[in-house]
1. Might you let me know whether the stretch 423-434 holds any residue that is in a loop (DSSP other than H, G, I, E, B), in contact with a His (Cβ under 8 Å, 6 or more places away or on another chain) and among the small types (Gly, Ala, Ser)?
2. Which one is surrounded by the fewest Cβ atoms within 10 Å (Cβ to Cβ), of the residues in the stretch 332-346 that are of a type in the set (Asp, Glu) and away from ligand 2 (no atom under 16 Å from the Cβ)?
3. Checking the condition at pLDDT 95 or above and within 14 Å of ligand 3 (Cβ to nearest atom), which residue from Ser334, Ser291 passes?
4. If only one of Asn57, Asn103 is on the phi > 0 side of the Ramachandran plot and either open to solvent by 10 Å² or more (accessible area, probe 1.4 Å) or among the polar types (S, T, N, Q) (or both), which one is it?
5. I'd like the full set of residues that are within 16 Å of ligand 2 (Cβ to nearest atom) and of a type outside the set (A, V, I, L, M, F, W, C), limited to the stretch 60-75.
6. For the stretch 227-251, which positions are without any contact (Cβ under 8 Å) to a residue 40 or more places away in the chain, assigned to a loop (DSSP other than H, G, I, E, B) and of a type in the set (Gly, Ala, Ser)?
7. Out of Met328, Met322, report the one residue that is under 27 Å from Glu377 (Cβ atoms) and within 16 Å of ligand 3 (Cβ to nearest atom).
8. Within the stretch 365-375, can one find any residue that is buried (at least 20 other Cβ atoms within 10 Å of the Cβ), of a type in the set (S, T, N, Q), in contact with a strand residue (DSSP E or B) (Cβ under 9 Å, 6 or more places away or on another chain) and part of a loop (DSSP other than H, G, I, E, B)?
Amino acid sequence: SQSGCSLFPHSHYWIASKRIVTPQGIISVEIKGGSIVSIVKNKDWSGKFKQVVDYGNAVVMPGLIDVHAHLDDPGRAEWEGFPSGTKAAAAGGITTLIDMPLNNFPSTVSTETLKLKIEAAEKSIYVDVGFWGGLVPENAFNATALEALLDAGVHGLKSFMCPSGIDDFPMTDASHIKSGLSVLAKYKRPLLVHSEIQSVVESHLETEDGGGDPRSYSTYLKTRPPSWEEAAIRELLTVTKDTRSGGPAEGAHLHVVHLSDASSSLDLIKEAKRRGDSITVETCPHYLAFSAEEIPDGDTRFKCAPPIRDAANKEKLWNALMEGDIDMLSSDHSPTVPELKLLNDGNFLKAWGGISSIQFVLPVTWSYGQKYGITLEQLVSWWSERPAKLAGQHSKGAIAIGNHADVVVWEPEVEFDLNEDHPMFVKNPSISAYIGKRLSGKVLATFVRGNLVYKEGNHAFAACGSTILAT
Ligand SMILES: NC(=O)NC(NC(N)=O)C(=O)[O-]
Ligand SMILES: [Zn+2]
Ligand SMILES: [Zn+2]
């Protein structure tokens with residue numbers, strides 16, 4: 001392996017464990033030149049092979065694929081940046097992430113701005129990184145511009161149906177989305193949509209005082225009711241019918257990001273799936289871990305959009321995930337600088353909305369999922385297989401022959417306290433909503449294309465992740 005890229009200096013070796021998660025239930029994986037070349041059952045290692053890393057009873061799984069992360073680079077690297085964000089990802093067992101087109105500056109909405117992003121990522125990423133492009137009013141009706149962006153390698157497009165909080169990333173309406181989908185159809189790539197529509201009736205709530213104490217979480221919660229998500233999804237479904245087989249946008253796919261409302265919004269998505277629309281939906285660990293009732297007043301670390309709702313909604317989200325109505329998980333890691341989180345002031349209406357979480361999504365999903373009896377196979381489906389499919393990553397997402405050797409090794413039973421002493425690799429750890437929690441599931445090692453990029457608190461010396469461009 002290239003010098004400094006890996007903490008394990010061999011390019012041909014085996015990983016063994018009693019718990020390797022594959023459909024075949026095998027016990028060791030042979031890695032050569034960054035790929036998985038064989039998977040074997042009941043191998044007797046004694047004396048035969050030198051380079052065997054035997055992880056005993058630790059779990060060996062495909063690395064996590066995070067299809068929704070904001071690393072804010074270039075332009076707002078003080079919020080996160082590629083080096084710290086991908087180090088945190090590696091420490092959390094994420095081997096690939098697809099970076100969002102906003103919060104970086106300028107937003108990634110053209111070939112020129114994509115080029116800036118690729119340049120910023122090169123030689124500064126510890127895991128593989130791909131990119132979504134932005135669908136905004138400025139390019140939505142310009143098929144040539146969208147095709148150029150897709151030709152340049154974005155894996156799909158992302159748009160907002162409400163203000164994004166970023167000036168150079170304006171919101172789109174159904175007509176922009178319809179137009180975008182017709183271009184995406186040719187490329188067979190997805191459109192990801194932040195699905196909230198600010199409704200006229202309730203918009204008066206989002207005034208200066210939000211109708212109540214701005215330090216109280218319930219004040220913020222009332223400003224973004226479930227009806228916003230429902231309205232957006234209802235609107236989206238007027239265009240997703242184009243994606244049905246035989247429809248004008250067949251080949252395109254619509255993916256609803258970070259669903260919070262597990263009631264009417266989810267029912268609409270289920271109905272659309274039944275009638276054959278090409279649509280999927282993700283939720284995020286913070287909606288599965290927290291509930292509105294337990295968010296302390298003034299604790300803006302928990303502010304995100306759509307908001308974390310009540311405990312009954314959380315229960316319904318878990319049920320939907322277990323039933324298969326929610327397809328996958330993503331971090332929606334969207335950090336900022338502590339000053340913009342207004343941690344001292346505690347004003348929920350003015351603080352930056354976004355949860356910092358990328359390093360802990362695996363233990364969080366696992367810990368909070370215990371109550372529901374989640375399995376390792378489900379984790380792999382939600383965090384690797386389905387995200388790989390959404391992002392068109394056919395050589396990732398499963399431990400299988402020919403795939404990239406992207407692997408996480410972890411101990412589900414090992415608990416740890418996430419306090420200030422715990423090594424955290426994000427740039428601004430103080431804004432993490434998970435500080436103070438006790439979690440179960442310790443990541444021991446992360447391999448990206450065969451390179452051991454993270455091992456028990458240490459990262460490889462060099463940042464050798466690849467930028468992945470769609471072709
Ligand atoms: N500009 C953002 O990063 N916004 C993000 N903010 C959240 N989720 O609170 C998002 O994904 O919508
Ligand atoms: Zn969003
Ligand atoms: Zn986001």
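1. There is at least one residue in the stretch 423-434 that is in a loop (DSSP other than H, G, I, E, B), in contact with a His (Cβ under 8 Å, 6 or more places away or on another chain) and among the small types (Gly, Ala, Ser).
2. So, considering only residues that are of a type in the set (Asp, Glu) and away from ligand 2 (no atom under 16 Å from the Cβ), the one surrounded by the fewest Cβ atoms within 10 Å (Cβ to Cβ) is Glu339.
3. Every option except Ser334 fails the conditions.
4. Asn103
5. Matches in the stretch 60-75: Asp66, His68, His70, Asp72.
6. Scanning the stretch 227-251 gives Ser245, Gly246, Gly247.
7. The match here is Met328.
8. Checking the stretch 365-375: not a single residue is buried (at least 20 other Cβ atoms within 10 Å of the Cβ), of a type in the set (S, T, N, Q), in contact with a strand residue (DSSP E or B) (Cβ under 9 Å, 6 or more places away or on another chain) and part of a loop (DSSP other than H, G, I, E, B).
The values are calculated or read from the model by the stated rules, or taken from the named source; none is laboratory data. Just so it is clear, the structure is predicted and the values come from calculations on it, not from any experiment. We place every Cβ from the backbone using ideal geometry, glycine too, and count neighbours over all the protein chains shown. When the accessible area is computed, the model is the full protein with side chains, heavy atoms only, and any ligands, DNA or RNA have been set aside. Shrake-Rupley method; radii C 1.70, N 1.55, O 1.52, S 1.80 Å.
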